[in-house]
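The next block holds one structure in the form of structure tokens; read it before the comments.
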Amino acid sequence: MKARIRPLVMALTAAALVLPLTASAGATAPSRVTAPGASASVEPAAQRGTWTVEQTGPQRYVVSWTSRVRLPVTSDRPLIVSASVSVAGGAIAAPTVSADGRTVSSVVSSARAPRPGELDVVLSGRTLDDRTNDRTVTGTPQRTSSLPTEVLPDDPGAPGPHAVVTSDYELPPVKVARMAQPIEMVGHVVEPDPAAVTGPRPLVLLMHGRHQYCYTEVRDPDADLYSWPCVAPALEIPSHLGYDYIQRRLASQGYATVSIRVNGINAQDGRVPDAGAGARASLVIAHLQHWTTIAAAHQVDLDQVVLVGHSRGGEGVNRAAIRIPSDAPYRIAGQVLLAPTDFGVQTAPYVPTVTVLPYCDGDVSDLQGQQFTDVARDLTTDDTSLKSSVLVMGANHNYFNSEWTPGVAAAPSSDDWYGAPKAPCGKQAPNRLRASEQRAVGRTFVAGAVRLFTGEGQYLPLYDGSAVTVTSVGDADVRSHALGGGRETRRPAIDSTLTLPLGAEAQLCTGVVGFENRFAQCGRALDSVVAPHWAMSGARVPTRRFFEMSWTAVGQRAGLALDEPLDLSAGRLELRTIVDAARGDARLGVRLTDADGASVELTPEGGGLVPALLRADFLTKLWAQAVVVDPSAAAGIDLTRIASVELVSRNQRGRVWVADVSRAPAALAAVPDRRMPTLSLSSLKIEEGNAPGTFVARLPYRVEGDVSRPMRVSVLTVGQERGSVQTFTVDIPAGQTSGSIPVSYSADQRDDYSPIITTASMWATRNVMTDAYVGDLRVLDDDPFPAVTVTPRAKTVSEGESAEFVLRLDRAVDYELYVRAKVEISPQPLRAGDVPTTWLERYAPTDDPEATLASLRPYLTVQVRSGAKRGVLSIPIRADGVAEGRESLRLVFIMKGVRITRTVFVAPSS
């Protein structure tokens, strides 16, 4: 049994490697390695799939896991993760999925070959390659403590006065980069009657996420559901119709809406480094360009466009918002992201954004969409756009789309949450929302955000951390916090330091979560929580600092001393605060001290209660709730010059982390009409050359847009010379529009690995945003492959002996060479019963002794070690005591387009 391991190394956004598993340097079969002492190149994994480890250079590997069945088409993407100390010292790049949807691959920099037993494949929080590692959520159903809420009089989920009409359009498909098949241009339009006089209508464009794209109306096991375009009798799943319930509500309120179909991208994005986000952005822009030709006929105001994206559609519309310049013939007024992915750790500066996070998301289970809010905080100083996160307790991933919901969808669909029905988040748990309840929440919070972005400021309390609700969401528990929007924010360790603690323990910790007990990490020794504000240990992505306080008695306190005083004379104080669920609810007071030393302790809204979120393994979310303080009644201090903000414990025990403290205005600030410059990284392919030594190649990047301010990005490269990993910062001066990333490589005059691939990722950290954030350097070996001969050691063997094939090179090569050997049908072929069962278990498991070895398709290789010229493949023949005629074993050795066929005979037995 594989030991239960914690997935620590997850370079989630490192450049994806696109490397065919049948190609390697100097040989057509890849170099594969296993644990020391093992003789096979492939390791089965709990009967759930097969691992291979493929060496592609010194301390460089590609690890791959092949499932026995096709992987599900989900919005999350499978990750290869490891808890090995030696592997963790390197890095694991982001994954790609093979064209058949079964093999997940990642490039690894490591001091030694990763062992399959140290690796896991994780998808949506579940371990695919080992049943013993499944994250099964158990526990007693419970409701989380919640604060009293005020019901707002204006409800954005209420129907509007306008009659609604629908229509559909289909335009010629468009070609997008990295997609072999063009992408359909299909839109479902819901709007007020175009002839009705309504005044200018903002346009809302919706994009669905990644889901299965073909289905059959009647179950047909022989139907092809994975070809694209869909092959009859398969039909396309109409995922774009799944938001019609939102469109109808918005149309009744005076908005024109269009939901676009992206099945063509979903069918082709597995091997794209950015998981198809760039392609989705291109499609959004193509549809908006079409609307420039029909806007007048639909009374559409293209100066007020709101983008709505679900799942990977959320990342897609965000990428479009990043790309669209301020002088485009349409203006993005805001965006709403439902359960989005954010593999690129990106956000759209100067674009108001609401991100809706479903607590019981069983697909994008790490709630990575929180990054759209967090990343925006530190990018620049003049971005006043609202960045709000909304947490919906009891909501899953799929039910926001009615075409992904059982009982109402045309195609087969499911509840994406997994686990026991009565466990927390299970179908029968009291905290779970029914599908109709979840759609009601989705409809209301999308409509409220759209109306907020187009000028109806009364809906702001739904998104800024206020304890409010509206009638249309029923008793759903929905929480929020916000940045931007005119807030003046102080950040731990950036523009604030610790005050002198009184009784409490306090520190400024790094936002990293991992199993190790490293005191400087906020999430130390936490191996079963979801921490969307923090990076996974080993991820090598930019991190933030947090204020941490723990206490053991009432009245203990600690806090932040502000580098610059905060003016609280107008507006309220907000602290984005994470509660350690393991220590229960927190009850807090807030102590303010002015620049003259005068202090006052205030009670936050809700009596200072900050409830812990659901507590259960792999279900607890360490998510920041808004602690809101109204300082207007404070007496005896100068509210214009608040010098420190401290927390005071009002219960016996607890621990919290504070992301930041802000003064929040009563109304949203105006947003500058600008876009941040965007950086795009390119790939490069070069010949190795014959001059020996180590050289440096440079991956080029370009910057487009206003580059009037200095910019900064963080860089990670995986797979360069000797397996090292580069992490460094690049400062780009104002006015610079291009540059490059250095990557080292070696050249020699002997046949070597080809191509040697180094992957690179870039993350924006100051005054710039990335568009194409991944690239790679491919160094092509230009030295000839040696001549190869294969000779049977004996042309005829007897039962009880081994058929041996000797492979010889005319000169050595500088890598571990594995040459594939394929068993072919031959006269009187060997069968499963003719070889030992131990050999079968390793190479070709079967229960049928009459099956031919050729039909079992065993994966066989001949290994020639680096610097050697010879390798031997040996296949034992079992002495079964049964009289048999002469039998034969025919192998085809495949390398560099050359096929060598050799046959060994087994002598008759009596």
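Just a few scattered comments:
- Pairwise centroid distance, computed over Cα atoms, of the stretch 877-906 with the stretch 384-444, Å: 57
- The alpha-carbon of K869 sits under 18 angstrom from the alpha-carbons of these aspartates and glutamates, leaving out residues fewer than 8 places away in its chain: D751, D752, D783, E804, D810, D814, E816.
- Shape descriptor for the stretch 788-906: Rg over Rh equals 0.98 (Cα atoms; Rh from the Kirkwood inverse mean 1/r).
- A P(r) calculated from all alpha carbon pairs of the stretch 354-460, with 10 Å bins opening at zero, reads 14, 38, 31, 14, 3 percent.
- Centre-to-centre separation between the Cα atoms of the stretch 658-699 and those of the stretch 193-244: 34 Å.
- The fewest-to-most ranking of R576, R865, R831 by surrounding Cβ atoms within 10 Å reads R865, R831, R576.
- Simple Cβ-charge dipole of the stretch 586-627, Lys/Arg +1 and Asp/Glu -1, about Cα centre, in debye nearest 20: 280
- Neighbour net charge for T901 - beta-carbon separation under 11 angstrom, K R +1, D E -1: +3
- Model label points for R899 and R653, set 7 angstrom from Cα along the Cα-to-Cβ axis, are 7.0 nm apart.
- Under 30 Å from K621, Cα to Cα: lysines that are on another chain or at least 8 residues apart: K2, K387, K422, K427
- For the Cα trace of the stretch 153-483, dividing Rg by the Kirkwood Rh returns an Rg/Rh value of 0.94.
- Options (i) 44; (ii) 60; (iii) 50 - which one matches percent of Cα pairs over 37 Å apart as calculated here: (iii)
- Using just its DSSP H runs of length 4 or more, each adding -39500 (n - 2.57), the chain gives a mean residue ellipticity at 222 nm of -2500 deg cm²/dmol after division by all residues.
- In plain terms, the residue of C214, C522 with the fewest other Cβ atoms within 10 Å comes first and the most crowded comes last, giving C214, C522.
- Check: the stretch 488-664 dipole with +1 on Lys, Arg Cβ and -1 on Asp, Glu Cβ, in debye: 580
- Sites R102 and F519 - FRET efficiency at Förster radius 35 Å, r taken between beta-carbons, to 0.05: 0.25
- Under the shape rule built on the C-alpha gyration tensor, where the axes satisfy a ≥ b ≥ c, the stretch 391-444 is oblate, since a/c reaches at least 1.5 while a/b does not exceed b/c.
- Options A333, Y350, G49, ranked by Cα towards positive dipole end of the chain, top entry (Cβ charges): G49
- Neighbours of Y815 by Cβ distance under 10 Å: Lys/Arg scored +1, Asp/Glu scored -1, total -3.
- When all alpha carbon pairs of the stretch 679-780 are counted in 5 Å bins from zero, the resulting P(r) reads 3, 13, 24, 22, 15, 11, 8, 4, 2, 0 %.
- By the beta-carbon count within 10 Å of each Cβ, the least crowded to most crowded order of W65, W417, fewest first, is W65, W417.
- The calculated FRET efficiency for the pair R865 and V696, based on their C-beta separation and a Förster distance of 35 Å, comes to about 0.70.
- Charge dipole of the chain about the Cα centre (unit charges at C-beta), most positive-ward option of S888, A558, P95: S888
- For D193, distant residues with modelled amide H under 5 Å away: A163, V165
- In this structure the amide hydrogen of G486, modeled in the peptide plane, comes within under 5 Å of the amide hydrogens of A669, none closer than 5 places in sequence on its chain.
- Comparing G448, G407, A395 along the charge dipole axis of the stretch 355-467, the residue lying farthest to the positive side is G407, per the Cβ-charge model.
- Taken about its Cα centre, the chain carries a charge dipole of about 1640 debye when Lys and Arg each add +1 at the Cβ and Asp and Glu each add -1 at the Cβ.
- Within-11-Å neighbourhood charge of Y330 [Cβ basis; K, R +1; D, E -1]: -2
Values in this text are rule-based calculations from the coordinates and carry no lab data. Fair warning: this is a prediction, and the values are worked out from it, not measured in the lab. With ideal geometry, Cβ positions are generated from the backbone for all residues, glycine too; neighbour counts draw on all protein chains shown.
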